Amino acid sequence: MYAKRIIPCLDIKDGKTVKGVNFTNLQNVGDPVELARQYCKEMADELVFLDISATQEGRKTFVSLVEKIAKNINIPFTVGGGISSVEDASALLKAGADKVSINSAATKNPKLIEELKELFGSQSITVAIDAKEINGTWRVTTHGGTQITERELFSWAAEVERCGAGEILFTSMDHDGTKRGYACSVYKKLLEIVKIPVIASGGAGSITDIADVLSEKGCADAALAASIFHYGEIRIPDLKRELKKMNIPVRL
Amino acid sequence: MIGIIDYGTGNIKSVGNALARLGAEYIVTSQASIIEGCDRVILPGVGSAGMAMENLKRSRLDKIIPALTQPVLGICLGMQLLCAHSEEDDTECLGIFKNRVQKFPEIGKKIPHIGWNTIGSLKGSLYTNVKQESFVYFVHSYFAETNQMTIATSEYGIRFSASLNEKNFFGCQFHPEKSGDIGEKILHNFLSNNII
């Protein structure tokens, strides 16, 4: 039975987890490695670590953190945040990450996807796409939704697949942070456009929201969320038990 | 000592990390004399069959590996290389497992098969204390057909060999090093004294 994936996303700044975390049995909530291990125990299917460090120093810390994570967890993980070159991606994959997630750099230079595919294979490349709906068109954005590009979501998704991405992580900037559910209809449409797996991100507020995007309504392959997991609003084992009751295939 | 065969393909590190978590000592090497002296040998693999076989031939590992008598585990592409032939680049492989490796047919499933899937029909010492229908992590576009050497199966549109065994040779199509506690259990079984 092929399972839908549940993916907690951790924001990392200067080697530390930034979002407040509500794990009662954790000694150091700022320690990404300890948090990652906890998520593994709770049957997270994959983890995503996004580096939001603004400094060169912070970036270096991230590479050594990735090495430490790779030593300590036994499930696949993706790293992203500010990857702009083959060298950036290569350093992170060599440090032990299973996949890299690229975003702004890909919109500026789609060739980067092709180069990474040649070097590391599609399975190690996730392209993250942020978009918002403007006058009825889904426009690709960068810099946390503040910069709107000329690209249109669906044609960009198709191009990303052609270039050799292994997976698309689509975040609706209109839904992100609202906790009112994922952009289900957009995910459903993406299913018609691309054949590679699509990870849903942005808008999770409840178990029902996650069930919706993974079921017929959204048809996404995986659901990513940050705050609802970090703040303990939804525990992954509870979530998975509920999804199973709704006949959504999950790893338990 | 466990030898991880280095033949120029990616992500060998995660196998080493998994062995370290189990407290096992390992060495990453392409040297025949070292490989032959190891208690266990792992043939990992990410990449394409054609290039991987070329690399093995260049270092004469295509002759060394089939002659090994200690337990050998091929992981993912490593397992496919232990099979007879791969459709990928129309490659003659090492021929220890008699299976042929084929591309997943286009039947409405996303390819590659990436993610968690269950394994069943588990047989033998590699799966001691592993429950039927356990979830493991797969990443592949080609699969080995099932035959009498199959010791675990999985289904993704079609039924295929998730694991193979012939004498001292074992193969896992999935990545035990990325398959959570179940994967660790399987690696632990491979390291245990009564594996063969």
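The values are calculated or read from the model by the stated rules, or taken from the named source; none is laboratory data. Bear in mind that the values here come from a model prediction, so they are computed numbers and not experimental data. As a convention, Cβ positions derive from the backbone with ideal geometry for all residues, glycine included, and neighbour counts pool all protein chains shown. In case anyone asks, the SASA skips ligands and DNA or RNA and just uses the protein heavy atoms, side chains included. Shrake-Rupley method; radii C 1.70, N 1.55, O 1.52, S 1.80 Å.
Among the numbered conditions (1) touching an Asp or Glu at 6+ places or on another chain (Cβ under 9 Å); (2) surrounded by fewer than 24 Cβ atoms within 10 Å (Cβ to Cβ), the only one that residue B:111 does not meet is (1).
Scanning the range A:144-170 for residues that are open to solvent by less than 50 Å² (accessible area, probe 1.4 Å), under 22 Å from residue A:116 (Cα atoms) and in a strand (DSSP E or B) yields A:167, A:168, A:169, A:170.
Summed over the range B:156-196, the residues that are over 17 Å from residue B:121 (Cβ atoms), of a type in the set (Ser, Thr, Tyr) and open to solvent by less than 10 Å² (accessible area, probe 1.4 Å) give a count of 1.
Working only within the range B:31-46, note down all residues that are surrounded by fewer than 17 Cβ atoms within 10 Å (Cβ to Cβ) and within 18 Å of the chain's Cα centre (by Cα). Once the filter is applied, which keeps residues that are surrounded by fewer than 17 Cβ atoms within 10 Å (Cβ to Cβ) and within 18 Å of the chain's Cα centre (by Cα), the range B:31-46 yields only B:39. If you go through the range A:91-114 and keep only what is open to solvent by less than 10 Å² (accessible area, probe 1.4 Å), assigned to a loop (DSSP other than H, G, I, E, B) and over 15 Å from residue A:50 (Cβ atoms), you end up with A:95, A:96.
When the range B:1-14 is filtered for residues that are touching a residue at least 12 places away in the same chain (Cβ under 8 Å) and either more than 13 Å from chain A (Cβ to nearest Cβ) or buried (at least 16 other Cβ atoms within 10 Å of the Cβ) (or both), the ones remaining, listed by number, are B:1, B:2, B:3, B:4, B:5, B:6, B:7, B:9, B:10, B:11, B:12, B:14.
From the list B:103, B:57, B:131, the lone residue that is over 15 Å from the mean Cα position of the chain (by Cα), open to solvent by 10 Å² or more (accessible area, probe 1.4 Å) and under 23 Å from residue B:29 (Cβ atoms) is B:57. The residues of the range B:15-37 that are in contact (Cβ under 8 Å) with a residue 60 or more places away in the chain and either at positive phi or small (Gly, Ala, Ser) (or both), listed by number, are B:18, B:24. Hey, does the range B:21-28 have a residue that's among the hydroxyl-bearing types (Ser, Thr, Tyr), modelled with pLDDT under 95 and touching a helix residue (DSSP H, G or I) at 6+ places or on another chain (Cβ under 6 Å)? No: the range B:21-28 contains no residue that is among the hydroxyl-bearing types (Ser, Thr, Tyr), modelled with pLDDT under 95 and touching a helix residue (DSSP H, G or I) at 6+ places or on another chain (Cβ under 6 Å). With respect to the conditions (1) modelled with pLDDT of 95 or more; (2) crowded, with 21+ Cβ neighbours inside 10 Å, residue A:137 lacks only one, and its number is (2).
Here residue B:141 meets each of (1) under 22 Å from residue B:81 (Cβ atoms); (2) among the hydroxyl-bearing types (Ser, Thr, Tyr); (3) open to solvent by less than 50 Å² (accessible area, probe 1.4 Å); (4) at pLDDT 95 or above with one exception, condition (4).
Of the residues making up the range A:180-191, those that are in a loop (DSSP other than H, G, I, E, B) and under 24 Å from residue A:79 (Cα atoms) are A:182, A:183. Restricting A:117, A:132 to those that are in contact (Cβ under 8 Å) with a residue 24 or more places away in the chain, open to solvent by 50 Å² or more (accessible area, probe 1.4 Å) and in a strand (DSSP E or B) reduces the list to A:132. When residue A:41 is tested against (1) open to solvent by 10 Å² or more (accessible area, probe 1.4 Å); (2) under 20 Å from residue A:229 (Cβ atoms); (3) touching a residue at least 12 places away in the same chain (Cβ under 8 Å), just one condition goes unmet, and that condition is (3).
Taken over the range A:54-73, residues that are touching a Ser or Thr at 6+ places or on another chain (Cβ under 7 Å), within 14 Å of chain B (Cβ to nearest Cβ) and open to solvent by 10 Å² or more (accessible area, probe 1.4 Å) amount to 0. For the range B:104-134, a tally of residues being in contact with a helix residue (DSSP H, G or I) (Cβ under 7 Å, 6 or more places away or on another chain), part of a strand (DSSP E or B) and at pLDDT 95 or above returns 1. Candidates in the range B:143-168 are the residues that are within 14 Å of chain A (Cβ to nearest Cβ) and under 13 Å from the mean Cα position of the chain (by Cα); of these, the one that is nearest to residue A:6 (Cα to Cα) is B:162. Name the residue that is nearest to the chain's Cα centre (by Cα), counting only residues in the range A:171-185 that are closer than 21 Å to residue A:149 by Cα and open to solvent by less than 10 Å² (accessible area, probe 1.4 Å). Residue satisfying both the conditions and the ranking: A:172.
For residue B:137, the stated conditions do not hold, so it cannot be described as within 14 Å of chain A (Cβ to nearest Cβ), touching an Asp or Glu at 6+ places or on another chain (Cβ under 6 Å), closer than 30 Å to residue A:192 by Cα and in contact (Cβ under 8 Å) with a residue 24 or more places away in the chain. Residues in the range B:9-24 that are among the small types (Gly, Ala, Ser) and in contact with an Asp or Glu (Cβ under 9 Å, 6 or more places away or on another chain): B:14, B:16, B:18.
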